[in-house]
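Let me begin by presenting the structure, written as C-alpha cells, before commenting on it.
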Amino acid sequence: MIGSYIKTARRNLLHNKLFSAINIIGLAISMSVGLLLIAFVLDLRSYDRFHENGDRIYRITNVATFNGEQGGKFATTSIKTGKLIREKVSGIQDVATMRNDFSQDAKVGDDIIPIKGFWAEPSLFRIFTFPMLEGNPETALKDPYSIVLTETAAKKLFGNQPALGKAIRFDTLAYQVTGVMKDVPFFSHIHFEALVSLSTAEQLNKNDTDFEKWTNMSSNFVYLRLPENADVASIQSQLDVIARQENLAEGATKIQLELHPLYKIVVGEGFRPSEGGPGSVGPHMSPRVLWMLGGLALVVILSACFNYTNLSMARALRRFKEVGIRKAIGAEKGQIQQQFLAESIMISLSALVLSFLIFLVLRPLLINLAPEMQQTVKLELTPSMVAAFIIFSVTVGVIAGFMPALFFSKVNAISALRNVSAPAYRTVKVFKYLTLRRALVVVQYTLTLLFITTTAIGYVQYKNILAFDLGFNTENILNINMQGNKPDAFFKKLSEMPEVTTLSRSLIVTSVGNAWGGYMKYNDSRDSVLVMTNHVDENYLRLHNYKLIAGGNFMARPTTAKAATEVIVNQQVLKRFNIGNNDPEKAIGKEITFRNFNGTRKMTIVGVMKDFHYGKVDNLVGPVAFMHWTPEDRAVINAKIQSTDLLATREKIESAWKEIDRVHPFQAEFYDEAIEEAYSEFSTLIKIIGFLSFLAISIASMGLFGMVAYTTETRLKEIGIRKVMGASSGSLIYLLSRGFLVQLSISALIALPVTYLFFEKVVLIRFPYHTPVQIGELFVGLLAVLLIAFLMIGSQTMKAAKTNPVEVLKSE
C-alpha cells in the first residue's frame, strides 16, 4: 500500500510540474532557514557536554543589592565565597575557584609571547574534564608559581621541545610548567591558554586587604560539583545562611548566592558586569533570542506550507474526480489522507535536498555575519544534525499536507462524480464570506508585510542611533589601546605626526558599552549613588568638544590615583544630590566622597559639564564624573586626526606602534567605527530579519503566481465569452486581479497598524531617545509587495486576456 501511495504521488507530481516546482522551491527556501536554526540550536546545546557529570556542575552567581536598590545578577563572586562553601556547606563533592585577570607576556629565552588564562585551584581538574597530557592534575596547580599550559600554548612557547618542568618568566617572576593539557574544546564556555595556581595570586595580593573581601566579586568564578541525587534545595539553603552571616558585617552592599547549572550558562539568563570585571566568560545567548529566531523561521516555513495548501485547494477541481473514483471503489478516509500526506512528504523530502544545498551556501554567510558568531558556532554536520534535518523535513511535509488531506478525505464520491461546476473548496469557510484559501493568502501576505515593514523601520532606527548626538564629538578620533605599555613614548611619536592635531589619554572609551564606576556621597553619609566614571587627562574635554557650563578643566597633575582629588561632574550629579540647589556655578568647590576599588577619598568639584551619553543610547543619561588620568591607570590614547586619507594615517601610526611594541598587535579603532560595532547586535538582527523578509516575499510571490495561474486557467472559457461580448483587456485584468488585490489590501490593513504598535509600544520603549515611526517607513514595504504582486498577477492575467476566444470556445 505504501508503495502504491508513493507511485501515485510520483505520477501526480510529474504530471503537475508547475505545482510541484513552486512547492519544492518554496519549501526548500523556507526549510533552509529551518536547517540553519536547527544547526545553530544544536551547536549551542553542545556547549560543555563533553564534561563528565556536567549535569551535576553548578556555578555560584551573585545577586547584589546596593543601598537597598537591586543591583542585578552577576556571574562573578568573591574568593571568600569559595572558601566558605568548602568549609561550611555539606552535600557537595568539590569546589573550585577561578580568577579571570591573568593576561601577561611570557618570556622564554629571547622570545616574548602574550599568554591569557585563569588563576585556578587544583580541584578544577576534578570538576571539569580537561585531560592532562603531562603532569599530575591533582598537584599541578597546588604550589605557588605553577602553570599548566594547553598543548597549543606549549608549542607556541617551546616549539617541539618538552615543556614540562621548564621555566617561564612573567615580568620578574619565574613560573614552572607543571602540566600540559589538551586544548580546550571549541564548545566550552571557558577558554584559556594557561592555568596558573590560585595560590600564586594569593601571594601576589597578600598585602591587599580587599583581595578576599566578601564584596570583592570582580573577576572571580566559583564552581561546584554535586553528588548524584544531591539535594539542591538543601545546598541553596546553606548558601543562604552563609550570605546572611556575611551580609551582617557589610553596610550598603548585600549579596545573595545562587546556583546556576552548567548547561544553562551559554543558553540562559544574562549577567551584569561587575565593577571593572566581566559579566561572564564565553559566549551567551538569551533564550528569548532563540525563541524569537525560532518564531521568525516558523513564519517563513508556514508561508511555504500555506502555498502548498492554497495550490492544493486551487487544484481541487482536477483532483475531485480522482478522489471520487477512489472512494467509489472502496477507499476509506484514512487511505485518502495517507495518499495526500505521502505526496506532501515526498515534496518535502525533495525540497530537503535542495534546501541542504542552500544551507551549505548560507552557512558561511551566517557565521561571518558578526565576529561573535565565528566564536560561538561551527554549524558542521553531525549524525544527530542529519537525523534532525530528516525529522524536520517529514514534519514540514505533514504540516503542509494536513489541510489538503483532511479536505479531500471529506469529499463525497457521488458529488465528485456529478461534475459540479463549483468546486467544493468554495464551501470551506473561515468566516461567512471568506474561504479558507483566501484566509491563507491574507495571513501569508500579512506576515510578509510584517517582515518587510519591520526591516524598514528597524534599519531607519539603527541609522538614527548611529547618527545620534551623544553630546560630544567622535569624528576622526582614533582610540589606541596601549595594552599595558606606558603611553609617554608613543604619545611623543604621535605628537610629531602632522596628521595628528590633538592627543589625550583616558581609561576607557565611553558610549560603546564600556563601564567604570564607583559610589558617590554628598552631605548625607547614608545616601550614595552609583556614578559612572572615566579617568581622563586635561586635553580630553577639548579634544572631544565636551561642553563645560561652569568651572574649568583639571588644574593639578596627580601621579597616583589617591592623589587625584579634582572631579568634573555632569548635570545629573547636581540634580541627584541637589548640589548648590542644582546651580552649576554654586556647585564649583563643593566636596563629595567617592568610593571604588581604589578606596575612599574626598574630591572637589572643579567643573560641571553638560549631560552626555556615557552609555549606549538605550540607557537613560545618568550621573557621570570625570577624574584625572594618572600613570597608575591603564591607558587609551585618543588621537584627533586631520587627513584626506585616514587609512594611510592609521597605517603610519601602526608602524610607529611596532617600534615601541613588537609583541602585541596594534589595537586601535576609530570612534565612529567603535560606536557602529557597539550596536552590531542590532545590525545583525536587522540583516537576519531583512533576509527572512526577502525569503518570505519570494515564497509568497511564488504562491501568488501559482494561484493566479491556476485561477486564470479555470476561467479561460469565461474570459473567452466576455471577450466575444466586447470586454476590453483592461477590464479583464481588473476582473481577474480584483480578488487578489482585495486580499492584499486586507493584509495591509492588518499588518501596518500591528507593526506600528509593535514598535511604538514594545520595541522602541527600550530606547528613550528614539525617533517616532514615520508613515513612509510603513508604506515602503507595502509598495514593494504591491509592485511584486502586480507583476505576478499582471503577467498571468495579461496572458489570459490576450487569449484568442476562438481557440477557447471552438469545442463548445
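The values are calculated or read from the model by the stated rules, or taken from the named source; none is laboratory data. Here the structure is a predicted model, which is why all the values come from computation and not from measurement. Please note: Cβ atoms are built from the backbone with ideal geometry, for glycine as well, and neighbour counts cover all protein chains shown.
Listing for the model above:
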| quantity | calculated |
| --- | --- |
| Residue check, residue 556 under 16 Å from residue 605 (Cβ atoms), buried (at least 18 other Cβ atoms within 10 Å of the Cβ), more than 37 Å from the chain's Cα centre (by Cα) and among the hydrophobic types (A, V, I, L, M, F, W, C) | no |
| Cβ-Cβ under 9 Å pairs, at least 6 apart or on other chains, the stretch 458-472 side on the phi > 0 side of the Ramachandran plot, far side buried (at least 17 other Cβ atoms within 10 Å of the Cβ) and of a type in the set (D, E, K, R) | 471/611 |
| Subset of the stretch 570-589 [under 11 Å from residue 550 (Cβ atoms) and either outside the structural domain of residue 627 (by TED's automatic domain parsing) or basic (Lys, Arg) (or both)] | 586 |
| Selected residue (criterion: surrounded by the fewest Cβ atoms within 10 Å (Cβ to Cβ)) from residues of the stretch 187-220 that are in contact with a helix residue (DSSP H, G or I) (Cβ under 9 Å, 6 or more places away or on another chain) and within 19 Å of residue 150 (Cβ to Cβ) | 189 |
| Tally, over the stretch 723-747, of residues that are among the polar types (S, T, N, Q) and not in a helix (DSSP H, G or I) | 1 |
| Matching residues in the stretch 40-58 - criterion: being under 25 Å from the mean Cα position of the chain (by Cα), of a type in the set (Asp, Glu) and assigned to a loop (DSSP other than H, G, I, E, B) | 48 |
| Considering residues of the stretch 563-576 that are surrounded by 22 or more Cβ atoms within 10 Å (Cβ to Cβ) and of a type in the set (A, V, I, L, M, F, W, C) only, the residue modelled with the lowest pLDDT | 564 |
| Residue in the stretch 155-170 that is assigned to a strand (DSSP E or B), farther than 19 Å from residue 203 by Cα and in contact with a strand residue (DSSP E or B) (Cβ under 7 Å, 6 or more places away or on another chain) present | no |
| Strands (runs of 3 or more DSSP E) within the stretch 615-722 that include 3 or more residues among the β-branched types (Val, Ile, Thr) and either out of contact with any Phe, Trp or Tyr (no Cβ under 6 Å at 6 or more places or on another chain) or over 30 Å from residue 540 (Cβ atoms) (or both) | 636-641 |
| Selected residue [under 26 Å from the mean Cα position of the chain (by Cα), among the polar types (S, T, N, Q) and in a loop (DSSP other than H, G, I, E, B)] from 61, 76 | 76 |
| Among residues of the stretch 524-557, those that are small (Gly, Ala, Ser) and touching a Lys or Arg at 6+ places or on another chain (Cβ under 6 Å), counted | 1 |
| Exclusive hit being surrounded by fewer than 16 Cβ atoms within 10 Å (Cβ to Cβ) and at pLDDT 85 or above, set 481, 412, 464 | 464 |
| Selection within the stretch 587-609 - surrounded by fewer than 14 Cβ atoms within 10 Å (Cβ to Cβ) and charged (D, E, K, R) | 591, 602 |
| Complete set of residues in the stretch 526-572 that are of a type in the set (A, V, I, L, M, F, W, C) and within 17 Å of residue 596 (Cα to Cα) | 529, 530, 531, 532, 536, 561, 563, 564, 567, 568, 569 |
| The stretch 281-310: number of residues that are of a type outside the set (S, T, N, Q) and either assigned by TED's automatic domain parsing to the domain that holds residue 403 or farther than 21 Å from residue 695 by Cβ (or both) | 7 |
